[in-house]
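A.B. asks: One structure, pasted below without further comment.
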Amino acid sequence: MGETKKTTIVLFSGDYDKVMAAYIIANGAAAYDHEVTIFHTFWGLNALRKDEPIQVEKSFIEKMFGKMMPRGANKMGLSKMNYAGFGPKMIKDVMKKHNAMPLPDLIEMAKEQDVKLVACQMTVDLLGLRHEEIMEGVEFAGVAAYLADAENGNVNLFI
Amino acid sequence: MGETKKTTIVLFSGDYDKVMAAYIIANGAAAYDHEVTIFHTFWGLNALRKDEPIQVEKSFIEKMFGKMMPRGANKMGLSKMNYAGFGPKMIKDVMKKHNAMPLPDLIEMAKEQDVKLVACQMTVDLLGLRHEEIMEGVEFAGVAAYLADAENGNVNLFI
Amino acid sequence: MGETKKTTIVLFSGDYDKVMAAYIIANGAAAYDHEVTIFHTFWGLNALRKDEPIQVEKSFIEKMFGKMMPRGANKMGLSKMNYAGFGPKMIKDVMKKHNAMPLPDLIEMAKEQDVKLVACQMTVDLLGLRHEEIMEGVEFAGVAAYLADAENGNVNLFI
């Protein structure tokens, strides 16, 4: 009774629309006083990348990965109807028309609402990312930390 | 003890196979006396569209979205092995052979079992859909309503 | 108090990266003494296929399905950046460099940790697979069995 509810999201996807769904649910849950954690792994990590290139030492393959993946949420494609980047432009236009928050603002809002943003250290390593390339305020952790949150979660989603 | 179990599904996907998985789980849960809600958002909304075009006032971009997206579950593609529409045909053929229910029947069955079908109003607006284009018996609501269901849910899935 | 926690995963996806995420979570949960079930359905069934062709009686369409789908986890593609099979090779190379377990080993580990591996009988039939083509130690069951596990689950995911 009166116990704080918990929401956890594993954000695996790096598609603009799916990341948007994740952050809308997270912000909604935070507004209803849930403790919320988003655990970013694989392509979902790209939502946390700074949008300008950062000077860091990388191997050839790590540089390739870095270039092929979107730098930040705003550069992501859609999971459907992407049409070589025309889809995201259309979606962003209609979002503007409907006064819906663009994805980078949804992420800012999540931070302000104390949604815990976690980057999966193992996949950070696999994709050759460096801590300096990830936005401020993000924690780095592993599957054990995720499970500790999720096993007491009321709403646990994989997106 | 004796409390009603709850299942909630966020149906984000608009792929025939994923929507089928969602409705099979929902119908199963309803058969086991769960209270079941499917919250349709983004491409998942297309499962709820009437299959004939409805005369409604739309902007140019809304008309485009309307044409590019499948009108109803039966016109959806597969998430894998779609092969320009040949994959869905093959799957439907083998489903028939195995007496598996086609997707439109699974949706009908869900309604008959009182599965609550919800369309996310925000994404209805974004994709330029109108209430008249959505099948009867669907509620329109937002993320707050979803969370109110899900925070007491036993099985919460994002599909 | 002291009650065993439960994790269930519906593994719908047949992408190397998503299957890897599923098995990493499953192995993590098993290491924390959760009872863990992975319910493989649709393309996720391919993770359970033996990697050599098995002689079984099949219809023409079942043979086609069998050939088009990957035989076992090691032959799967990526959900993103697959680049005609070059993506998986790159990922496997960096995994080796970081001493991360390849997917077939993660599946072996799950078995050793008594993760319950279930194949959805209905989709086994739909995709024209035979029990002889599925690896040892896998149970065959339906959505009812899944729900019986999931309704008491602490962490329930759809991947």
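The values are calculated or read from the model by the stated rules, or taken from the named source; none is laboratory data. A quick note: this is a predicted structure, and the numbers were derived from the prediction, not measured. Positions of Cβ are backbone-derived with ideal geometry, glycine not excepted, and every protein chain shown enters the neighbour counts.
A.B. asks: Can you report the number of residues in the range A:4-21 which are more than 9 Å from chain B (Cβ to nearest Cβ) and in a loop (DSSP other than H, G, I, E, B)?
C.D. replies: Count: 5.
A.B. asks: Going through the range B:54-71 one residue at a time, which ones are within 14 Å of chain A (Cβ to nearest Cβ), over 11 Å from B:Leu127 (Cβ atoms) and free of Cβ contacts under 8 Å to residues at least 24 places away in the same chain?
C.D. replies: Within the range B:54-71, B:Phe60, B:Lys67 qualify.
A.B. asks: Just checking, does the range A:104-120 include any residue being surrounded by 18 or more Cβ atoms within 10 Å (Cβ to Cβ), over 28 Å from C:Ala26 (Cβ atoms) and not basic (Lys, Arg)?
C.D. replies: So far as the range A:104-120 goes, yes, one or more of its residues are surrounded by 18 or more Cβ atoms within 10 Å (Cβ to Cβ), over 28 Å from C:Ala26 (Cβ atoms) and not basic (Lys, Arg).
A.B. asks: Here is a follow-up. Checking the structure you have, find out if any residue of the range C:46-64 is touching a Lys or Arg at 6+ places or on another chain (Cβ under 8 Å), farther than 22 Å from C:Glu133 by Cβ and not small (Gly, Ala, Ser).
C.D. replies: No: zero hits.
A.B. asks: Based on this model, can you work out whether A:Phe12 counts as crowded, with 19+ Cβ neighbours inside 10 Å, among the aromatic types (Phe, Trp, Tyr) and on the phi > 0 side of the Ramachandran plot?
C.D. replies: No: the conditions fail for A:Phe12.
A.B. asks: How many residues are among the hydroxyl-bearing types (Ser, Thr, Tyr) and more than 7 Å from every other protein chain (Cβ to nearest Cβ) if we restrict to the range A:22-50?
C.D. replies: Qualifying residue count, the range A:22-50: 2.
A.B. asks: Restricting attention to the range A:138-154, report how many residues are at the interface with chain C (Cβ under 10 Å from one of its Cβ atoms) and farther than 19 Å from A:His34 by Cα.
C.D. replies: Qualifying residue count for the region: 3.
A.B. asks: Tally time: how many residues in the range A:101-120 are over 21 Å from A:Tyr16 (Cβ atoms) and under 14 Å from the mean Cα position of the chain (by Cα)?
C.D. replies: 1
A.B. asks: Need the failing condition index for A:Ile38 against (1) surrounded by fewer than 22 Cβ atoms within 10 Å (Cβ to Cβ); (2) under 11 Å from the mean Cα position of the chain (by Cα); (3) β-branched (Val, Ile, Thr), just the number.
C.D. replies: Failed condition: (1).
A.B. asks: Determine the pairs where a residue that is over 20 Å from A:Asn46 (Cα atoms), located within the range C:74-94, has a partner that is in a helix (DSSP H, G or I) and at pLDDT 95 or above with Cβ atoms under 6 Å apart, the partner being 6 or more residues away or on another chain.
C.D. replies: Once the first residue is over 20 Å from A:Asn46 (Cα atoms) and sits in the range C:74-94, its partners that are in a helix (DSSP H, G or I) and at pLDDT 95 or above give C:Asn74/C:Pro104; C:Met76/C:Tyr16.
A.B. asks: Another question, then. Can you list residue pairs whose Cβ atoms sit under 6 Å apart, with the first residue in the range A:17-38 being under 19 Å from A:Ala150 (Cβ atoms) and the second being crowded, with 23+ Cβ neighbours inside 10 Å and aromatic (Phe, Trp, Tyr)? Count only pairs 6 or more apart in sequence or on different chains.
C.D. replies: A:Ala21/B:Phe12
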